[in-house]
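Asks: Take a look at the following structure, please.
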Amino acid sequence: MQNVVTEVSQVFLDPTFLAIQFLNGLQLASLLFLLSVGLSVVYGLMNFINLAHGTLYMLGAYIGLSVARGSGSFWLALIVAPIFIAALAAVFHALLLRRMQAASPMKQILVTFGLIYVGLDVVRYIWGDYSHSIPAPDFFAGSVHLLGEVYPSYRLFMIGLGWFVFIALYYGLERTRLGAVVRAGVDNREVAMSLGLNIELAFFLVFCLGCGLAGLAGVVAAPVLSVYPGMDMSILVLTLIVVVIGGPGSLRGAALGAFLIGMFETFGQVFFPAIASVIVYALMAVILLARPGGLLPVRPS
Amino acid sequence: MVKQKSSRNRNVAAAVLLLLAIVSWSQADLFGHELLAQIAILAIFAMSLDLIAGYTGLVSLGHAAFYGVGAYATAGLASVAGWPMWAVVPSAMLLSALLAAAVGLFAVRLIGVFFIMITLAIGELVHAFAFRSRTFGGDDGLGGVPRSNLDAIGINLLDPAHFSLFTVIIAVLVYLVLARVVDSPFGQVLTGIHQNELRMRALGCPIRRYKLVAFVLSALFAGLAGSLTAQHNNFVSPELLTWTTSGEALIVVIIGGIGSLVGPAAGASVFVMLSHQLSSLTDYWMFFMGLFFVIVVLFAGDGLYGLFGRLFRMLSNVGR
């Protein structure tokens, strides 16, 4: 018994092993950040929660799949799919979401809940029930040697992309005019509007950008996770948890939430496989108990 | 006075619905009885959700957790532990209520979207637990759940016709209890909280305590619906616990008319019949269900119950 414990703790406390798991956690966090940031800022601006955000992620992955297969280029897919999803979001905004803004949270949630079902069958109809995958681009197809371990370089690319988007958005929010309008709108919508700022337009742009990032996340995830109908469901709840614990409306909150969930999910699977699936929910409960508005709320609650 | 009138209208609607249920029961074939039992059970589940979502304003996306706990407790206590059914069903309800009390203690502190999200997370937590648990069969679920034994009073619940009638009777009883609750002074306070929480707080009402009691009571009946589902299918699986089950229950409430108690029961019949018909027509029935959800939420207003109310007023004006 004693031996087993020592052996196990040796494996688990091996710094290389921990470092690799840390990278895996960062990679999941990166994906969750891409997914949650749009959802979060849109909520902060308009109190609008879009449950179909996961569906856009799935659609992004499938469109990326078709583009990558048709053109043979992963990079083209990585550019085309988010643009397509952002355009789709613009159509949805015009048809549906504009009239939903004044509705109760329940109605918003249930309309977008209906869209999940629609999206699922659209994907099944066009691409079938099978599971697909997009191969990683040649440049990142190999592995790198890291601390004496072999680590897929594509995963490092995912982590880097997450950081890149975070920095770009941070800069955009803090340094550009649109960013200032968005911050003003999140801070106090009525005052911002009465000052003549076009919050509606800012909302529209942020909504399309956020949805485009969900599409981007879909393509980015495709070489690592498989592309299948229902892939939206498995990530949607994690994304919502990230938004809620980070504090809706906050860019830094989304990043912090994504980091925490990425780490707890990854290390939970390694150290406590039996209860891993419930750890993140428990974490959310504890955080909301201590801070009902999330960790980094934009507005004091 | 206004309240009395609206509860009278509601009871008339319930009587009409019961009449329809009895007529369809007498006409139903074997499969019809299966559908009727499914409708009655969903009606109980939806009515329990309406108590919190419609009357108290607590929109839960985790109500399936209490439904699922009722079902799993029934399966566990009856087929694994071998308890007699007369002890199993109340215990299953109590377990659901206990979970709701534990969850509710802190969930009722949250409002709006945070409440929706915490209930969603709790629901997923219970789902993940059932999905992983070896004791409860993991994602395969548990089979061999027996039905209650009412042979002593001449009812054989293994007969689909008897079972469907049994579920309809239980649904009527649940309606009567919940109608009593929402018409009582306690129910008036819940409505008050829904309409203006700040004012109720200013009046010195312990809002969280009221919300908690409503939450627990709602879970009690959701647990009953779950227990009946387990007995109906002789089987439980984690699918009962997914958050989409909770979302669909909310849709059922909206179809019928939120905050009308009888409406959600009518919504249950629309939901079951429509999903049954669509799934026999096309493999892509979820697409049409989803479109239907969107249309219902956008345009339903006060649902079937609202339609019924307008019809009722029209008829009583003609009679005058």
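The values are calculated or read from the model by the stated rules, or taken from the named source; none is laboratory data. Quick caveat: nothing in here was measured; it's all calculated off a predicted structure. Neighbour counts run over all protein chains shown; Cβ positions are idealised from the backbone, glycine included.
Asks: Of all the residues that make up region B:218-265, how many are in contact (Cβ under 8 Å) with a residue 60 or more places away in the chain and at positive phi?
Replies: 3
Asks: Identify, from the list A:Ala290, A:Ala282, the residue that is without any contact (Cβ under 8 Å) to a residue 12 or more places away in the chain and within 9 Å of chain B (Cβ to nearest Cβ).
Replies: Selected residue: A:Ala282, the only one of A:Ala290, A:Ala282 that is without any contact (Cβ under 8 Å) to a residue 12 or more places away in the chain and within 9 Å of chain B (Cβ to nearest Cβ).
Asks: Separate question: Looking at region B:193-298, what helices (runs of 4 or more DSSP H) fall wholly within it and have at least 1 residues that are more than 16 Å from the chain's Cα centre (by Cα)?
Replies: Answer list for region B:193-298: B:197-202, B:207-233, B:262-281.
Asks: What are the pairs with Cβ atoms under 7 angstrom where one residue, in region B:117-134, is among the aromatic types (Phe, Trp, Tyr) and the other, located anywhere, is at pLDDT 90 or above? Sequence gap at least six, or different chains.
Replies: Correct list of pairs: B:Phe131/B:Pro238.
Asks: Going by what's in this entry, would A:Tyr228 be described as of a type in the set (Phe, Trp, Tyr) and within 9 Å of chain B (Cβ to nearest Cβ)?
Replies: So A:Tyr228 does not fit the description; no.
Asks: Check whether at least one residue in region B:141-148 is assigned to a strand (DSSP E or B) and either within 13 Å of chain A (Cβ to nearest Cβ) or modelled with pLDDT under 90 (or both), and report yes or no.
Replies: The answer is yes, given that some residue of region B:141-148 is assigned to a strand (DSSP E or B) and either within 13 Å of chain A (Cβ to nearest Cβ) or modelled with pLDDT under 90 (or both).
Asks: Continuing with this model, one more query. Looking at B:Ala65, B:Ala46 in this structure, which one is buried (at least 24 other Cβ atoms within 10 Å of the Cβ), within 14 Å of chain A (Cβ to nearest Cβ) and either touching a Pro at 6+ places or on another chain (Cβ under 6 Å) or among the charged types (D, E, K, R) (or both)?
Replies: Being buried (at least 24 other Cβ atoms within 10 Å of the Cβ), within 14 Å of chain A (Cβ to nearest Cβ) and either touching a Pro at 6+ places or on another chain (Cβ under 6 Å) or among the charged types (D, E, K, R) (or both) holds for just one of B:Ala65, B:Ala46, which is B:Ala46.
For every residue, the table says whether it meets (1) modelled with pLDDT of 90 or more; (2) buried (at least 17 other Cβ atoms within 10 Å of the Cβ).
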{"site": "A:Leu197", "(1), (2)": "no, yes"}
{"site": "A:Leu209", "(1), (2)": "yes, yes"}
{"site": "A:Leu213", "(1), (2)": "yes, yes"}
{"site": "A:Val220", "(1), (2)": "yes, yes"}
{"site": "A:Tyr228", "(1), (2)": "yes, yes"}
{"site": "A:Ser234", "(1), (2)": "no, no"}
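Here's the yes/no breakdown for (1) buried (at least 16 other Cβ atoms within 10 Å of the Cβ); (2) of a type outside the set (A, V, I, L, M); (3) within 14 Å of another protein chain (Cβ to nearest Cβ):
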position: B:Gln231; (1), (2), (3): yes, yes, no
position: B:Asn234; (1), (2), (3): no, yes, no
position: B:Phe271; (1), (2), (3): yes, yes, yes
position: B:Leu274; (1), (2), (3): no, no, yes
position: B:Ser280; (1), (2), (3): no, yes, no
position: B:Asp283; (1), (2), (3): no, yes, yes
position: B:Gly309; (1), (2), (3): yes, yes, no
position: B:Phe312; (1), (2), (3): no, yes, no
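Asks: Residue check: is A:Val237 without any contact (Cβ under 8 Å) to a residue 24 or more places away in the chain, within 11 Å of chain B (Cβ to nearest Cβ) and under 16 Å from the mean Cα position of the chain (by Cα)?
Replies: The answer is yes for A:Val237.
Asks: Take the residues of region B:97-130 that are farther than 17 Å from B:Ser218 by Cα, surrounded by fewer than 21 Cβ atoms within 10 Å (Cβ to Cβ) and among the hydrophobic types (A, V, I, L, M, F, W, C): which is farthest from the other protein chains (Cβ to nearest Cβ)?
Replies: This residue is B:Ile111.
Asks: Just to be sure before I move on: is A:Leu78 over 13 Å from A:Pro248 (Cβ atoms), within 14 Å of chain B (Cβ to nearest Cβ) and either modelled with pLDDT of 90 or more or outside any helix (DSSP H, G or I) (or both) in the structure I sent?
Replies: Against the criterion (over 13 Å from A:Pro248 (Cβ atoms), within 14 Å of chain B (Cβ to nearest Cβ) and either modelled with pLDDT of 90 or more or outside any helix (DSSP H, G or I) (or both)), A:Leu78 does not qualify.
Asks: Between a first residue in region B:277-303 that is among the polar types (S, T, N, Q) and a second residue that is crowded, with 20+ Cβ neighbours inside 10 Å, which pairs have beta carbons less than 9 Å apart while being 6 or more apart in sequence or on different chains?
Replies: Once the first residue is among the polar types (S, T, N, Q) and sits in region B:277-303, its partners that are crowded, with 20+ Cβ neighbours inside 10 Å give B:Ser279/B:Met286; B:Ser279/B:Met289.
Asks: Would you check if there is a residue in region A:176-186 being surrounded by fewer than 23 Cβ atoms within 10 Å (Cβ to Cβ), over 18 Å from the mean Cα position of the chain (by Cα) and not in a helix (DSSP H, G or I)?
Replies: There is at least one residue in region A:176-186 that is surrounded by fewer than 23 Cβ atoms within 10 Å (Cβ to Cβ), over 18 Å from the mean Cα position of the chain (by Cα) and not in a helix (DSSP H, G or I).
Asks: Something else about it: Do we find that B:Phe215 is out of contact with any strand residue (DSSP E or B) (no Cβ under 8 Å at 6 or more places or on another chain) and either of a type in the set (Phe, Trp, Tyr) or surrounded by fewer than 22 Cβ atoms within 10 Å (Cβ to Cβ) (or both) in this structure?
Replies: In short, yes.
Asks: Shifting gears a bit: Given A:Ile167, A:Ile116, A:Ile126, A:Ile159, which one is modelled with pLDDT of 85 or more, part of a helix (DSSP H, G or I) and facing chain B (nearest Cβ under 8 Å)?
Replies: A:Ile116
Asks: Taking A:Ala86 and the conditions (1) more than 8 Å from every other protein chain (Cβ to nearest Cβ); (2) modelled with pLDDT under 95, which numbered condition does it fall short on, given that it satisfies the others?
Replies: Looking at each condition in turn, A:Ala86 falls short on (2).
Asks: Which one of the conditions (1) under 30 Å from B:Ile255 (Cα atoms); (2) touching a helix residue (DSSP H, G or I) at 6+ places or on another chain (Cβ under 9 Å); (3) not in a helix (DSSP H, G or I) does A:Ala102 fail to meet, given that it meets all the rest?
Replies: With respect to (1) under 30 Å from B:Ile255 (Cα atoms); (2) touching a helix residue (DSSP H, G or I) at 6+ places or on another chain (Cβ under 9 Å); (3) not in a helix (DSSP H, G or I), A:Ala102 is out only on (2).
Asks: Determine whether B:Ala179 is within 18 Å of B:Gln38 (Cα to Cα) and modelled with pLDDT of 90 or more.
Replies: No.
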